[in-house]
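The values are calculated or read from the model by the stated rules, or taken from the named source; none is laboratory data. Please read these numbers as outputs of a predicted model, since none were measured by experiment. Here the Cβ positions follow ideal geometry from the backbone for every residue, glycine too, while neighbour counts run over all protein chains shown.
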């Protein structure tokens, strides 16, 4: 297997979450089914997704796992993504339509969490 540059997995996971959240935001604004609700109990979803995308982009600029600030921003990105795509979504009535995004987002979040703790990862 070819060697990858340092933190390529973290960058790939961040990019995957950015793309998923942009698609989710576009579905929200265009009302393309299955679109997320405009708001949930705690906040409006548009600004939340915008903040999540911004933090993920900042994590990439900060070097993802190469710096302390990048690691913190990457972990925050994972936590915010799990609000939208976390395990609770497997019980959602629309899971038959959204499961690919949920699965990819959960894998990306897991990659970021594992990459944040270098002593715990393999290869």
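Could you grab the pairs with beta carbons closer than 8 Å, sequence gap of 6+ or different chains, first residue in segment 31-45 and at positive phi and in contact (Cβ under 8 Å) with a residue 40 or more places away in the chain, second one surrounded by fewer than 13 Cβ atoms within 10 Å (Cβ to Cβ) and outside any loop (DSSP other than H, G, I, E, B)?
none
Any idea which of (1) surrounded by fewer than 22 Cβ atoms within 10 Å (Cβ to Cβ); (2) closer than 18 Å to residue 9 by Cβ is the one residue 73 doesn't satisfy?
Condition not satisfied by residue 73: (1).
So residue 70 passes all but one of these: (1) part of a helix (DSSP H, G or I); (2) in contact with a helix residue (DSSP H, G or I) (Cβ under 7 Å, 6 or more places away or on another chain); (3) modelled with pLDDT under 95. Which condition number does it fail?
(3)
Is it fair to say residue 26 is over 16 Å from residue 83 (Cβ atoms) and under 12 Å from the mean Cα position of the chain (by Cα)? Before you say what the answer is, go through the steps one by one.
Working: over 16 Å from residue 83 (Cβ atoms): yes; under 12 Å from the mean Cα position of the chain (by Cα): no.
For residue 26, the condition - over 16 Å from residue 83 (Cβ atoms) and under 12 Å from the mean Cα position of the chain (by Cα) - is not met.
Which condition number does residue 81 fail, the rest of (1) under 18 Å from the mean Cα position of the chain (by Cα); (2) surrounded by fewer than 16 Cβ atoms within 10 Å (Cβ to Cβ); (3) closer than 18 Å to residue 9 by Cα being met?
Every condition holds for residue 81 apart from (2).
If we scan segment 22-29, do we find a residue that is in a loop (DSSP other than H, G, I, E, B) and out of contact with any strand residue (DSSP E or B) (no Cβ under 7 Å at 6 or more places or on another chain)? Outline the logic, then answer.
The initial filter retains those residues of segment 22-29 that are in a loop (DSSP other than H, G, I, E, B), namely none.
The answer is no, given that none of the residues of segment 22-29 is in a loop (DSSP other than H, G, I, E, B) and out of contact with any strand residue (DSSP E or B) (no Cβ under 7 Å at 6 or more places or on another chain).
Looking only at segment 10-28, filter to residues that are touching a residue at least 12 places away in the same chain (Cβ under 8 Å) and out of contact with any helix residue (DSSP H, G or I) (no Cβ under 7 Å at 6 or more places or on another chain); which one of those is surrounded by the fewest Cβ atoms within 10 Å (Cβ to Cβ)?
Of everything passing the filter in segment 10-28, 23 is surrounded by the fewest Cβ atoms within 10 Å (Cβ to Cβ).
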